[in-house]
2 protein chains.
Amino acid sequence: MSDKDLLKQNAESIERWGMFEVSLCGKTAGNPFTDYTIHGVFKHKNETVEADGFYDGDGVYKVRFMPSFEGEYTFEITGSFADFSDGPPSGSFTATPPGENNHGPVRVANTYHFAYEDNTPYFPIGTTCYGWTHQDDALCEETLKTLKNSSFNKIRFCIFPKHYIYNLHDPKTFPYEGKPCVCDSSVPTEDTSFWKGNDWDFSRPNPAHFQRIENYVAQLMEMGIECDIIVMHPYDRWGFKNMGTKADDLYWAYVVNRLSAYRNVWWSLANEYNLMPEKSPEDWERYGSIICRLDPYKHLCSVHNGGPEYDASKPWISHVSYQGDVVHTNGLREKYKKPVVLDEICYEGNIWPGWGNIDGQELVRRFWEAMCRGGYPGHGETYIQPTQFGERLWWSHGGKLLGESEKRIRFLLEIMAQTPGGGLRHREAWERIAVPESADHAGSYIIVYLDIRQPANYFFYFDNETAYRVEIIDTWDMTIEDAGVHKGKMHIKLPSKRYIAVRFIKASDK
Amino acid sequence: MSDKDLLKQNAESIERWGMFEVSLCGKTAGNPFTDYTIHGVFKHKNETVEADGFYDGDGVYKVRFMPSFEGEYTFEITGSFADFSDGPPSGSFTATPPGENNHGPVRVANTYHFAYEDNTPYFPIGTTCYGWTHQDDALCEETLKTLKNSSFNKIRFCIFPKHYIYNLHDPKTFPYEGKPCVCDSSVPTEDTSFWKGNDWDFSRPNPAHFQRIENYVAQLMEMGIECDIIVMHPYDRWGFKNMGTKADDLYWAYVVNRLSAYRNVWWSLANEYNLMPEKSPEDWERYGSIICRLDPYKHLCSVHNGGPEYDASKPWISHVSYQGDVVHTNGLREKYKKPVVLDEICYEGNIWPGWGNIDGQELVRRFWEAMCRGGYPGHGETYIQPTQFGERLWWSHGGKLLGESEKRIRFLLEIMAQTPGGGLRHREAWERIAVPESADHAGSYIIVYLDIRQPANYFFYFDNETAYRVEIIDTWDMTIEDAGVHKGKMHIKLPSKRYIAVRFIKASDK
C-alpha cells in the first residue's frame, strides 16, 4: 500500500493549541507497545516540534501534536512501526485562530501566578475527583454536567484506579491487559495480600482505558477545565504502584505521548508521593526527566504530598502542589519562588476521616485565606450520595455536588478575576490583607479578609491622598455592599458577623 | 490607755479559712506607711503563723490572718507602731468549721490541675475585667450581680487603674496620695508625655483604694469566686508602672500584707509582663521573693505574658498563666509540669482589635479545645455596652454580659466537674480526645471533641471487653443525648454539625 493510504489525520485544519492527531496502520507482530517506534516532526515557520507517538491497539499507531502558532504546518512520521516504500509518511494542516474558550496551555506568570499562553490571567480553582473516569458512563456524564455548571476550572484525577475507603469497587476499565484480583470490599485497605490474584501484562497497556480518559480530557478542554492528571498514587490493590522500573518507564512514556498534545493537561506525578515507599527519590526524578524529554509543550508539572512536601525547587517542577494547612502558603511561596496550589485543604463533607468532614463555611474560609496568602486553594466534597450505583462521593466518583461551598467559590473566583495585574500576595496583620503581586498596581487594590472575626468597625490607613471606593463583601452570603469613597484615616462600619471582607479599590481621578 | 482598749478583732470566732483581722490604733507622726512596723504571731496546736500588718489610715494599723485549722487560736501583736506598757497586745479566737461555700484556698493538684485545700476539685473557668473595681459604685454592683449569676469561678483584675483604648477615664480612686495628670482621652495610648502632670507620693498608699478592692475581694470570696489579682501591668498614664525599686517593694509588701489573708486570692505579678520594659528580669524575681516572704499561705502565683511566656519553671510559680493559642497547652504542660491556665485566648466581642472580636461560637470552641488539651481556658467580653457612664466593655469595666458564650461555658464547666479523678489530659488525634489525667481512671472516661468537624459517624475502639455508655454532646446547643451502651468496635451516628463532642463513660458492671 502507499504511504498516503496508510495515514489519517483527525483534521485538515485545527485551532492553534488544538489537538492534531495522525493515525497510521503498522505492525502487529510481537508486542507493538514495546517492539516498535513511531515519531513525528511538525514544522512551522516559527517552530519545529518532535513528538513520539504510541500504539493505540488494533494495528493503529498515533502521533499527536499541539500547534503553538497559527498558519501552515507540515509533518513527517518516522519509526520502525511500519516499512515505508515511498519514504516517511507526511502531510500538512493549517492551525487556525483559537476559538473563544481556547487561550492555550496554562503557564506560570509573575513568579507566583498563572496565565494562559495568550496572556489571559488564569486563577486555578480546582476540585478533586480521583476516580471519576473509572465509573460507569452514566455517572461520568453526570460528573461532566456538574463540572460544566460549576465554577471549577481545574480537576485532579487519577489514571490508575483507586482502591481506598468508599471506593473499593473495580474500575470500568483497567490500564493493562490481564485480570484483576477478585475484589473483596470487606478486606481492609492496608491488606496487601489482596494483590495476589492479579495477573497483568505491564508491557501491554489497555488502549480502551486511555481512550476513555482522553475522551474526558478532550471534553474538559472544550469546557475550559484544566486536567491535573495524577499519574501515580499509593491507593492500589492491583499492583500498579509496584510494577518495577521498566514497566514504570513504559507507562510514563505511554501517558505522556498520549496526553501531552491536549493543552489542558497538567502533570501531577503523584497524589501523596511520600506515601509510596515503593518509590525512591531517584524514581521521582526519573519520572520527571521522562516528562521533560517527551512533553514538547512543557506542561505545568508538580508532585503532590501527603506529609513533607516534595522539593519543589527542582527546575522541572513548575509549581507547588500542596496538601496541608493554608497557613503555610506564605512560607512555601518564599521557599520555592513558585506558585502555590493548595490541592488538599480538607474536603467539605461529613465522612469520619478528618480530611473529609469540614463544612462549607470552613472550606470557603480556607479558600479566602489561601487567596489572601497569595495561593490557589482546591475543593473536594465528601458527602455520601446514594446513587443507582451505590454510595458515591464527589471526591472519589464524581456525580452531583451536594455541598454549600461551590457557589461561594464561584463568587470568590469572580472576585479573584478582578485582581489588577493577575494575582495577589499577602501583607501580614491580625486580619488577612491581600494586595496585588504586581508593583505596578501597588496601592490600587487592597482586600482585607476578616475571617471568623466579627468587628463592628474597621479602621484603615493607606496615605492621606489616595481615595478608595470601599466595598463590604459578605463572602458567605455573597453580597457586595458599596460603603462609599474614603481616604486618609478610614473608618468603615461592618455588620459584626463572620466571613466579611473589605475591599479598597483606588477611586479613579476625576 | 491599756492594750486591751487598743485592740479590736473583726470577730470572736471565724470560719476555718476565713479572714481574721486585728485593728489597733498607733502612731501617726511622720509617715506611718514606712516609719513603723506591725507584726502578728498566730498560734494553734497545729500551726504558728507570722504575718506582717499594714497601716490603714486614720491612725489604724491592721494585721490579718487566715486560719488553716479549726479550733482555738491565740495571737500576739508586736512592732514599733505603738508603745506597749503592758507588753504586746494579744487575744484569741475560735476557727469554726467552714461554711458550705468555703473549701479553703485553691492549690495545685495532680501536677496539672487544681483542688481546694479541702480536696474538692476546682476547675478554673475565669473571666477578665481589668478595671472593674475602679468604676462607679453602681457599675461595680452590677458587675457583682452579673458574676453572681454567671458560671465563672475566677476573675482577673488589676489593682492599678488601667489606661488603654476604651478605658481612658480616671479610676474612682487612686492607689496613692497625690494628684493625677489631667486626663485627655484624645491623646493616644502610647504618648508618655501624658505622665507629666502626675504628682504622687509613692510612699503613701491611699487606703480607700485598697479598701475598695478588698471589699470586692471579700464579696467574691462569699460567692466562691477566686480573684486572680494583677498587681502590675503596662497600661498606665499615671506613672505606677515606673515608680522605682523602693516604691515597688513598698507597694508589693502593702498589697501582700493586705490581701493574702483572703483565701480566694491568687497573685498575678503582671498582665503582659513582657510589655513592661521598665522592669528587669531581676525585678520580677524580686517581686516573687516578696510574695514568698510575706504571704504565709502560699497562694497560687504566676506571671501572665503578652508574647513569650515567663519562665514558669521557677519554683515560686505555681501554674502557667498564658496568653496565646490554646494549641500550645500541651507543650506548656510538658515543658513546665504545672497546670496551664489560658487567661487570654481572644475575647468574645466586636471591637476592632484582633484580640477582641471573635464570636461566642469561636470562644466556646477554644474553651473545649483547651479543656481537651488538659488546660483551663479564660473568658472575656468586648462588646460595647452603652451605659449611664458611657460606653463600657465587660473586659475593662464589668457591667452586663451581652455575649453568647457564658451559658455554654457553664455547660462546659458542669461537664468538666464530672471528670473522674479531677482533671483531663489530651490524647493526640485528628479529633481532640481527652482522658482522665489520673491513671486510676484510665479507660473509664473519654471525651472526643469534634470541633468544627461534622462527621455523620464516629468510629471508636477501646478494647473488646469494656462497655461504655455513649453520649452525644452538642456543645453549642447544650444538649446531651444518650446514644446507648457500646463496646468493641463502636459505631456512633452523629448529627453532621459543628461543635459536637462524644463522651464514653465506662458502664458499671452488672
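The values are calculated or read from the model by the stated rules, or taken from the named source; none is laboratory data. Just so you know, these numbers come straight off a predicted model, no measurement behind them. Cβ sites come from the backbone with ideal geometry, for glycine too, and all protein chains shown count toward neighbours. Only protein heavy atoms, including side chains, enter the accessible area calculation; ligands, DNA and RNA are left aside. Shrake-Rupley method; radii C 1.70, N 1.55, O 1.52, S 1.80 Å.
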I want to confirm something. Restricting to the stretch A:208-228 and keeping residues that are open to solvent by less than 20 Å² (accessible area, probe 1.4 Å) and part of a helix (DSSP H, G or I), which single residue is farthest from A:PRO121 (Cα to Cα)? A:HIS209
Tell me, please, whether a residue that is under 30 Å from B:TRP355 (Cα atoms), touching a Phe, Trp or Tyr at 6+ places or on another chain (Cβ under 9 Å) and either open to solvent by 10 Å² or more (accessible area, probe 1.4 Å) or among the aliphatic types (A, V, I, L, M) (or both) can be found in the stretch B:119-128. yes
For the stretch A:354-384, enumerate the residues that are within 14 Å of another protein chain (Cβ to nearest Cβ) and open to solvent by less than 10 Å² (accessible area, probe 1.4 Å). A:GLY354, A:GLY356, A:ASN357, A:ILE358, A:GLY360, A:LEU363, A:VAL364, A:GLU381, A:THR382
The residue that is farthest from the other protein chains (Cβ to nearest Cβ), considering only those in the stretch A:323-353 that are touching a residue at least 40 places away in the same chain (Cβ under 8 Å) and hydroxyl-bearing (Ser, Thr, Tyr), is A:THR329
Given B:ASP35, B:ASP86, B:ASP52, which one is buried (at least 18 other Cβ atoms within 10 Å of the Cβ), of a type in the set (Asp, Glu) and either out of contact with any Pro (no Cβ under 8 Å at 6 or more places or on another chain) or within 22 Å of B:HIS299 (Cβ to Cβ) (or both)? B:ASP52
Take the residues in the stretch B:6-38 that are in contact with a strand residue (DSSP E or B) (Cβ under 8 Å, 6 or more places away or on another chain) and of a type in the set (S, T, N, Q), then tell me which one is farthest from B:ASP56 (Cα to Cα). B:SER13
Hey, does the stretch A:489-496 have a residue that's within 14 Å of chain B (Cβ to nearest Cβ), within 30 Å of A:THR128 (Cβ to Cβ), assigned to a loop (DSSP other than H, G, I, E, B) and open to solvent by 30 Å² or more (accessible area, probe 1.4 Å)? no
Select from the stretch B:5-51 the residues that are part of a loop (DSSP other than H, G, I, E, B) and farther than 19 Å from B:THR74 by Cβ and write down the one among them that is nearest to the chain's Cα centre (by Cα). B:THR37
Check A:THR74, A:THR146 and return the single one that is part of a strand (DSSP E or B) and not small (Gly, Ala, Ser). A:THR74
Residues that are within 14 Å of chain A (Cβ to nearest Cβ), modelled with pLDDT under 95 and surrounded by 15 or more Cβ atoms within 10 Å (Cβ to Cβ), drawn from the stretch B:459-480: B:PHE460
Of (1) in contact with a helix residue (DSSP H, G or I) (Cβ under 6 Å, 6 or more places away or on another chain); (2) more than 14 Å from chain B (Cβ to nearest Cβ); (3) aliphatic (A, V, I, L, M), A:LEU424 fails just (1)
Tell me, yes or no, whether the stretch B:310-319 has at least one residue that is assigned to a loop (DSSP other than H, G, I, E, B) and either within 14 Å of chain A (Cβ to nearest Cβ) or aromatic (Phe, Trp, Tyr) (or both). yes
Checked the stretch B:388-421 for anything among the hydrophobic types (A, V, I, L, M, F, W, C) and within 14 Å of another protein chain (Cβ to nearest Cβ); matches are B:LEU393, B:LEU402
Within the stretch A:386-407, the residues that are in contact with a Gly (Cβ under 7 Å, 6 or more places away or on another chain) and open to solvent by 10 Å² or more (accessible area, probe 1.4 Å) are A:THR387, A:ARG392, A:GLY403, A:GLU404
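Rundown of residues vs (1) surrounded by fewer than 20 Cβ atoms within 10 Å (Cβ to Cβ); (2) farther than 25 Å from B:ASN264 by Cβ; (3) of a type in the set (Gly, Ala, Ser), yes/no style:
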position: B:LEU6; (1), (2), (3): yes, yes, no
position: B:LYS27; (1), (2), (3): yes, yes, no
position: B:VAL41; (1), (2), (3): yes, no, no
position: B:THR48; (1), (2), (3): yes, no, no
position: B:VAL60; (1), (2), (3): yes, no, no
position: B:VAL63; (1), (2), (3): no, no, no
position: B:MET66; (1), (2), (3): no, no, no
position: B:THR78; (1), (2), (3): yes, yes, no
Restricting to the stretch B:310-325, count the residues that are touching a strand residue (DSSP E or B) at 6+ places or on another chain (Cβ under 6 Å) and within 26 Å of B:HIS163 (Cα to Cα). 4
Could you list all residues from the stretch B:240-264 that are of a type outside the set (S, T, N, Q), open to solvent by 10 Å² or more (accessible area, probe 1.4 Å) and without any contact (Cβ under 8 Å) to a residue 60 or more places away in the chain? B:MET243, B:GLY244, B:LYS246, B:ALA247, B:ASP249
When you go through A:ALA429, A:ALA501, A:ALA483, A:ALA456 one by one, which is the residue that is away from every other protein chain (no Cβ under 14 Å) and either at pLDDT below 95 or open to solvent by 10 Å² or more (accessible area, probe 1.4 Å) (or both)? A:ALA483
